Amino acid sequence: MLQGISRRLFGMSLAAASSSMMLQGSWLRSLSAAEKTSDTKVKRVILLWLHGGPATIDLWDLKPEHDNGGPFKEIATKTPGMRISEHFPGLAKWSDHCAIVRSMTSREGDHGRAVHLARTGYIPQAGIDFPDLGALVAQEQAQSEAPLPGFISIAPPQRPAIASRGFLDTAASPLVVGEMAKSVDDLVVRDLEQRSPLGQSRRVDLLGQMNEHFLAQGSDRKAIELAAATQRALRMMHPDVVAAFDLEREKDSVRDRYGRTIFGQGCLLARRLAERDVPFVEVSLGGWDTHYDNFGRVAGLSSQLDSGFASLVQDLSERGMLEETLILCQGEFGRTPKINANSGRDHWPKAWAVMAAGGPNCHGQVIGSTSKDGTVVESKPYQVPDLIATVCASMGIDPMKQNDSNVNRPIRIADPSAGLIEELVG
Amino acid sequence: MQRVFLVCLLSAIPSGVSALGDQPEGVVQEVNRQLAQLLESNHHELADRTTFLRRASLDLIGRIPTAAEARAFVASEDTETREQAIRRLSRSPAAAKHLATFVRTLWFPQTSVAPYEYLAGDTEAWIADQLNHDRPLNEIAQQLISVSYAPQTSEQSGGPMGSLTTPKTLIEANDHRPERMAANATSSFLGVDLSCAQCHDHPFDAYSQEQFWQTAAFFVPKSRFEENRPWYEIEIKIPDAGKSVAPVLFTGDLPLESESPDLQLTSGREVFATWVGQANNPFFARRTVNQLWAEYFGAPLVTRQPDQIASPVREQALEILAEAWVEHQFDLRWLAETIVSTDAYQIHHRGPATTATDPFPYMTTRGLTGPQLYDSLNIAAGKPPIRGDLDSAEQLHDRQAFLEMFPAYRSVDVERCVTQALSLMNGEKIARLSDPNSNPLVRGLAAAPFLTERECVESLFWSTLNRPPGEPDWQQLRVAGYLEDDPATRAQRLGDLFWVLVNSVEFNTNH
């Protein structure tokens, strides 16, 4: 280990070396954590993205003793000490494969900025096009010849507001399934099916030859990129790959269990894609911006979330894939513990929670805590970059790796300030 | 400093550039000479006529040439020179329209995406109209920055020419907020990024927070109670700083003094606009030249990134072009003509791939932008180009839907993701164009029994790739069965070949 570090430092320029010395604190933390990590690595991540800022005080960190708590009851789970909302009966049965971080904190209370932070790990900075975690993972984990893209985003609220490859290669771009979907039938990849399958193979062969000949004449990055995008699209058009997106192939009973909602069926699709080793899949569930009628709306959303999430855990477990699949469930911030005059809750980045399931290290932990009234973090405060670094470390990705950015300045996968959420790395 | 500025305001043309002479050729030669110093290690033969015409057409009028244009240009080697072709293309209305897209996206990049995309059409149409009337670009910029908040009558709208209303793009695309207008105007018109300083002083930034807000103060609108208040007394509050500041340029100069009534400028934006458009403004000409160069070469001549390799030759080339452009009264079409006339632009570049550190501003392959791709597909299929003023709502809708799928408007921004590749292969637009019944070119060829298979294929190549098939092409086509002599399947075969050609990397790039 030590040899590795000194060699590394040795090879760096003086400036880079000294800045790396300044980061030593977080380096050492990640190194010690890496030693502790068990042999099993996370192979893929499924992000359940709760768009709009979920009231985590009504989901994962209830305050039944306090006025801020609202009408929801807590239920016990399989794991002593882990109590969650009554609207998660399905997940309660899988609590021994879950972990709740109740001590997330940030300073961004505006949706745009907070979404940017939560998804990229960085606050917005003029001119820098930061990539989403999904793109970062895809960049590191995707196999270049894989039939499916490394980052697939299901039913995102609106492009390009979220789901972006930022300054990474086009290969890290999200494949969007069911952009702005209005019904389950919209969960399709646009233009995936060939319109004239008969002439297709002859066309495709000639196209391949022409491109090859063109590139052989002397080509540069742009031409190679274009040809590669065509190749990736062609691989996806293979009938076996097209079938991955066909939910009709699932039994009715399975589809019912996930819930016949866009989110529920999106989770089922995420499972089908995980089975095909897509490193990062996200499924969005919007509608959490509950300034009005928080409790009515959160109850409904929670029940959608419960059936999709719990079914996903169950299926992955049955297939022996749960240990190597990390499911993250989060939005951009939490909501005010104090209930407003419209029985709603407003934006609250100061204290919020993230739910995780699967992977080698989720086994019923409740990490960190908030005050009795839910307003502040009382123990183990964690920031978004810590979460990003933790996810990367659990996949064997060095969170301090630098990528070339669009401003010609190297930018690390996770902000240099990031540490690890130790309880989640084994 | 204040006096210096005032003097500059009143003298339109700086001295010291006349050595270049008045002829555009003189500038081209000077730039060529500068760039030639770096040419030695690279191939520098000129591209052939077919390659040149396709490249210049895409850059100057935003689409590939028609088969007829391409064939005629190659055949006319003795009669039409490259210079004449450049002039013909760059003086056409299509060139004004294409340059208007460049200018709009350069100045108001936010109008390419929601929620400001509703401003794109009017802004572009107005800019194209101005360019068609040979209005200098600095005046166009001035008018867009200083446009009045008040509703306009048609007489006062388009300046000396044109009947379109000056669009309030700067105001509306920035939600009427002075600080956003200031950031937009400085970065877009001048290439100076002040926005980092909006919230706080940054240790590595060239500009302070106070300077940011002093610039923003130019953009504060006067209320109707303040009509007589001079612009330099209008202040803006720095949030959370407990103080207000009056307009001062970020260069440190105070643009005008109270005792200069002869200039009769009433709003801060008018003052700022006047400064932007002055011949000696150190930023405006350089910004425009650098970005138009980026459009034609895939990368700007000079970037401000800290780790960019210093290139005095590039700096010099930029300086020469910028000064000459000022001397030519900010005529954007002249600038386009001049850049396209350089050896650097016309070089045959498909040699060994260049690296990022290569100092020569070597033309690299560029992907087609959304509008270039859309218009070129239609031209390739033998359809007339879409024109906003002539075409049906259905056609405009078709174009809009296509541009949403291929949203890049600047050649430097073109990237192709798998979704776009799928759309090009399986999407409705290409399916229609590959269908012999709705592709006029294929339909015409299929119905021409006097043409041989080879002649039909040749026509398709000229229409899409603007060149005849080469020996390797013929061989591949033969093996793939595209040269069978079967009239019954000819239409389908040609439709398929059209699909192959427009999906090829060659069609999708400018090279």
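The values are calculated or read from the model by the stated rules, or taken from the named source; none is laboratory data. Keep in mind that this is a model prediction, so the values were computed, not measured. All Cβ positions, glycine included, derive from the backbone under ideal geometry; neighbour counts span all protein chains shown. Note: accessible area is taken over every heavy atom of the protein model, side chains too, but ligands, DNA and RNA are not part of it. Shrake-Rupley method; radii C 1.70, N 1.55, O 1.52, S 1.80 Å.
Observations on the structure shown:
- For B:GLU172, solvent-accessible area (1.4 Å; no DNA, RNA or ligand), Å²: 60 Å²
- Dipole magnitude for the stretch A:178-233: about 120 debye, using +1 per Lys or Arg Cβ and -1 per Asp or Glu Cβ, origin at the Cα centre.
- Computed 3J(HN,Hα) for the stretch A:88-98, one whole-Hz value per residue from the Karplus formula 6.51 cos²θ - 1.76 cosθ + 1.60 where θ = phi - 60°, is 10, x, x, 5, 4, 6, 10, 4, 6, 10, 10, glycine and proline marked x.
- Rounded to the nearest Hz, the phi-derived 3J(HN,Hα) couplings of the stretch B:267-272 under the Karplus curve 6.51 cos²θ - 1.76 cosθ + 1.60 (θ = phi - 60°) are 9, x, 5, 4, 5, 4, where x marks glycine and proline.
- Normalised Debye scattering of the stretch A:149-257 at q = 0.12 Å⁻¹ gives log10 I(q)/I(0) of -0.57, counting only Cα atoms as equal scatterers and leaving out solvent.
- Phi-based couplings in Hz for the stretch A:231-246 (Karplus 6.51, -1.76, 1.60; Gly and Pro marked x): 4, 5, 5, 5, 4, 5, 7, 5, x, 5, 6, 4, 4, 4, 8, 8
- Residues of the stretch B:419-463 that lose at least 50 Å² of accessible area (1.4 Å probe, protein heavy atoms only) when the other protein chains are present, relative to their chain alone, are B:THR419, B:LEU422, B:MET425, B:ASN426.
- For the stretch A:271-404, the C-alpha radius of gyration divided by 2.2 N^0.38 Å, with N the number of residues, is 1.19.
- Debye equation applied to the C-alpha atoms of the stretch A:268-340, log10 I(q)/I(0) at 0.17, 0.21 Å⁻¹: -0.73, -0.94
- Chain A: proportion of alpha-carbon pairs further apart than 39 angstrom, %: 20 percent
- In chain A, Cα pairs under 8 Å separated by at least six residues give a relative contact order of 30 percent.
- Quarter of the Cα convex hull surface for the stretch A:298-376, i.e. its orientation-mean projected area (nm²): 6.2 nm²
- Dipole in debye (nearest 20) - chain A, about Cα centre, beta carbon charges: Lys, Arg +1; Asp, Glu -1: 360 debye
- Entries of A:LYS338/A:LYS380; A:LYS41/A:LYS380; A:LYS350/A:LYS380; A:LYS222/A:LYS401 with Cα pairs more than 18 Å apart: A:LYS338/A:LYS380; A:LYS41/A:LYS380; A:LYS222/A:LYS401
- Theoretical ellipticity at 222 nm over chain A - DSSP helices of four or more residues, -39500 (n - 2.57) apiece, nearest 500: -11000 deg cm²/dmol
- Diffusion coefficient, µm² s⁻¹, Stokes-Einstein with Kirkwood Rh over alpha-carbon pairs of the stretch B:370-502 at 4 °C and 1.567 mPa s: 82 µm²/s
- Stokes-Einstein translational diffusion, the stretch A:230-309 - Kirkwood Rh over all Cα pairs, 1.306 mPa s, 10 °C, in µm²/s: 111 µm²/s
- In the stretch A:69-136, the trypsin sites (Lys or Arg not before Pro) that fall in loop regions by DSSP, at most 13 other Cβ within 10 Å: A:LYS73, A:ARG107
- Accessible surface comparison of B:ARG443, A:ARG319, A:ARG203, A:ARG257, probe 1.4 Å, protein chains only, largest first: the order is B:ARG443, A:ARG319, A:ARG257, A:ARG203.
- For the stretch B:74-129, the spread of Cα positions along each principal axis, largest first, Å: 51, 18, 16
- Calculated P(r) tail over 24 Å for the stretch A:188-335, as whole % of Cα pairs: 51 percent
- Interface size, chains B and A: roughly 4200 Å² of accessible area buried, both sides included, 1.4 Å probe, rounded to the nearest 100.
- Counting, for every residue in B:486-495, the Cβ atoms of other protein chains within 10 Å of its Cβ and taking the mean gives 1.
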